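Reviewing the structure listed below.
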C-alpha cells in the first residue's frame, strides 16, 4: 500500500471517494482488504481534511496554537508561569481562521453547509491535532481536556480577501519555526491587548472615583458654607440675646432699687402716720 495513493484518495471530491477506494483496493493485491476497510469520512471530517491539503498555512497555525495552549496549561498545572487566557485567545483566533478557510473550501466545491455541519467542523478543529494522520480524518472529533472548557462563537463567514482560498493559488505553508514564532507573537499581542484593556478599565474606574470625589467635595463645600452662614446667624442671634439679657438685667436692677426706695418711703409714711395718730389721740383725751 502506497501512502501517496491513500493521501490522494482523501483529497478527492467526497462523492468520488467510494468508487476510487474500491478501485484502489482491487488493484492493491494483499493490501486490498485494508484499503477496502477505509471509511468514507462525513462531510465535516472531509472538509477539515481539505484544510490540510489545500490550506496548509491555516492548518499549521491551528495545530501550533493548540500545541502552545496545551504547553501553557501543562506549565500552569505544574506550578510554572504561563498566560492561559492569552494562549486561549490565540487558539480561538486560529480556530476561527481555520473555520473560515474550511467553509470557503466547502462553498467552492459546491457543498451546502448546515448549522450541524458547521458545528461539527468547529468541534473537530478544536480537537486537533488528533490521533489520525493529518488529512485522513474519517470521523468528527470531539475536544477533550481544556479545549472542552473553551468557548467559541461561530462567526458569520463570508468570502473576504483575507480568508479566500482558491484552488489555483493555495496559501504557502509556513515553516514550523515560523508558525511557532507567529503563535508566540499572537499570544504576546493578545496578552498586551488584554493588559491595555485592563489599564483602560482601571483608568475609567479612577476617573469615576475622581468624578464622585469631586461631587462629594462640592457637596461638602456647600455644607460648610451653609454651616458658616448658620454660625454667623447664630452668633448674631447670640449677641442680640446677650444685649437683651443685659438690658433686662439693668431694668430689673433699676426696678429693684425703685422698689426698695418705695418700701423705705412706705415705712417712713407708716411711722409718720403712727406718730400723727398718737398725737391726735393725746389731744382728744385732754
_Among (1) over 19 Å from residue 123 (Cα atoms); (2) part of a helix (DSSP H, G or I), there is one condition residue 63 misses while meeting the rest; what is its number?_
(1)
*Can you name every residue in segment 115-132 that is out of contact with any helix residue (DSSP H, G or I) (no Cβ under 7 Å at 6 or more places or on another chain), surrounded by 14 or more Cβ atoms within 10 Å (Cβ to Cβ) and at pLDDT below 95?*
130, 132
*Of the conditions (1) modelled with pLDDT of 95 or more; (2) part of a loop (DSSP other than H, G, I, E, B); (3) over 23 Å from residue 3 (Cβ atoms), residue 112 fails just one. Which one is it?*
(1)
*asked:* Can you go through 55, 94 and tell me which one is within 21 Å of residue 128 (Cα to Cα), within 30 Å of the chain's Cα centre (by Cα) and modelled with pLDDT of 95 or more?
replied: 94
*Considering only residues of segment 28-56 that are out of contact with any helix residue (DSSP H, G or I) (no Cβ under 6 Å at 6 or more places or on another chain) and under 22 Å from residue 115 (Cβ atoms), which is surrounded by the fewest Cβ atoms within 10 Å (Cβ to Cβ)?*
42
_Members of segment 1-15 found to be assigned to a helix (DSSP H, G or I), touching a helix residue (DSSP H, G or I) at 6+ places or on another chain (Cβ under 9 Å) and either in contact (Cβ under 8 Å) with a residue 60 or more places away in the chain or farther than 22 Å from residue 125 by Cα (or both), listed by number_ = 5, 6, 7, 10, 11, 14
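The values are calculated or read from the model by the stated rules, or taken from the named source; none is laboratory data. Given the structure is predicted, the values throughout are model-derived calculations rather than measurements. Every residue, glycine as well, gets a Cβ built from its backbone with ideal geometry; the counts of neighbours run over all protein chains shown.
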